[in-house]
1. For residues in region 145-174 being charged (D, E, K, R) and free of Cβ contacts under 8 Å to residues at least 40 places away in the same chain, which is farthest from Glu109 (Cα to Cα)?
2. Need a quick list: helices (runs of 4 or more DSSP H) entirely within region 1-110 having at least 3 residues that are farther than 19 Å from Thr151 by Cα.
3. Pairs under 7 Å by beta carbon, first residue farther than 23 Å from Arg169 by Cα in region 112-138, partner at pLDDT below 90 and in a helix (DSSP H, G or I), six or more apart or different chains?
4. Kindly indicate whether Lys93 is crowded, with 18+ Cβ neighbours inside 10 Å and not aliphatic (A, V, I, L, M).
5. How many of the residues in region 1-55 are more than 14 Å from Pro74 (Cβ to Cβ) and of a type in the set (Asp, Glu)?
6. Out of Leu30, Leu71, Leu66, which single residue is on the phi < 0 side of the Ramachandran plot and open to solvent by less than 60 Å² (accessible area, probe 1.4 Å)?
Amino acid sequence: LELEPFPLEQTQEFISRIFPDINALSEFSLSVYNISRGNCLFTQEILKCMVEDGKILYKDNRWQLLEPERLDIPSSLEEVIQLRLKRIDPETKEMLTQAAVMGRDVQLETLRQIIAKDQGHLFDLIDQSREKGMFSPQKQIDKVNFASDSTRKALYSGIDAGQKVDLHRKAEEKI
C-alpha cells in the first residue's frame with residue numbers, strides 16, 4: 001500500500017483532528033507541511049516530538065501550541081526520531097539498539113538472550129518502548145515489531161561500525 005503525501009489542506013485537517021481547537025492552526029499546519037511535505041509518518045512524528053517537548057500541551061480544556069511565533073520544528077524524520085530517542089532511558093535505548101540490528105521483526109527469545117535479562121524485565125523494556133512509540137502496539141507472543149522502519153534505521157545509523165560488528169556477531173550466535 002503506497003500513500004500519497006497529504007496536500008496542505010489534509011495536513012491541516014489531520015492536525016486539527018488530533019488537536020481540536022489548537023491555536024494558530026493555519027500557521028502551524030503550514031510550518032509542519034513545509035517541512036514534512038505532507039508525509040503522514042513524518043507529520044505524526046513531528047507532532048509526537050512537539051508534545052514530548054512540551055511545545056503542544058493540553059491546558060484549560062484545550063490543546064495549545066506554546067510560542068507559535070517561535071516554532072522550532074525538526075527538519076528531517078531522522079532528526080525527529082533522534083530527538084525522541086534522547087528521551088528514552090539508557091537501558092531501554094540499549095535494548096532498542098540490539099533489536100535494530102535484528103531487523104524490523106524481532107524474535108523475543110533471541111532478544112532476551114542477547115540482552116541477558118529475564119523475561120519479565122524484557123517485557124518491561126518492551127512496554128516502555130511501546131509507550132514511547134518505538135515498537136508497534138500490537139502484541140504477539142513471540143516477537144515485537146518496530147513502529148516504523150524509519151525508527152529502526154535511525155537507531156541502526158546511530159551505531160558505530162565496530163559496535164555493529166559486535167552486535168551482529170552476538171545476534172548470529174543467539175540465532
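The values are calculated or read from the model by the stated rules, or taken from the named source; none is laboratory data. On a predicted model such as this, the values are computed, not experimentally measured, just so you know. All Cβ positions, glycine included, derive from the backbone under ideal geometry; neighbour counts span all protein chains shown. These accessible areas exclude ligands, DNA and RNA; they are computed on the full protein's heavy atoms, side chains included. Shrake-Rupley method; radii C 1.70, N 1.55, O 1.52, S 1.80 Å.
1. Start the filter on region 145-174 by keeping residues that are charged (D, E, K, R), which leaves 149, 152-153, 160, 164, 166, 169-170, 172-174.
If we keep only those that are free of Cβ contacts under 8 Å to residues at least 40 places away in the same chain as well, we get 160, 166, 169, 172-173.
Details: Asp160: 25, Asp166: 19, Arg169: 17, Glu172: 13, Glu173: 13 Å.
Filtering region 145-174 for residues that are charged (D, E, K, R) and free of Cβ contacts under 8 Å to residues at least 40 places away in the same chain, the one farthest from Glu109 (Cα to Cα) comes out as Asp160.
2. Working: elements: 8-18, 25-36, 40-52, 77-86, 90-102.
Of the helices (runs of 4 or more DSSP H) lying wholly inside region 1-110, those with at least 3 residues that are farther than 19 Å from Thr151 by Cα span 8-18, 25-36.
3. Filtered contacts from region 112-138: Lys132/Arg84; Gly133/Lys48; Met134/Thr151; Pro137/Arg130.
4. Values: crowded, with 18+ Cβ neighbours inside 10 Å: yes; not aliphatic (A, V, I, L, M): yes.
In short, yes.
5. Counting residues in region 1-55 that are more than 14 Å from Pro74 (Cβ to Cβ) and of a type in the set (Asp, Glu) gives 6.
6. Working: Leu30 fails: open to solvent by less than 60 Å² (accessible area, probe 1.4 Å); Leu66 fails: open to solvent by less than 60 Å² (accessible area, probe 1.4 Å).
On inspection, the qualifying residue turns out to be Leu71.
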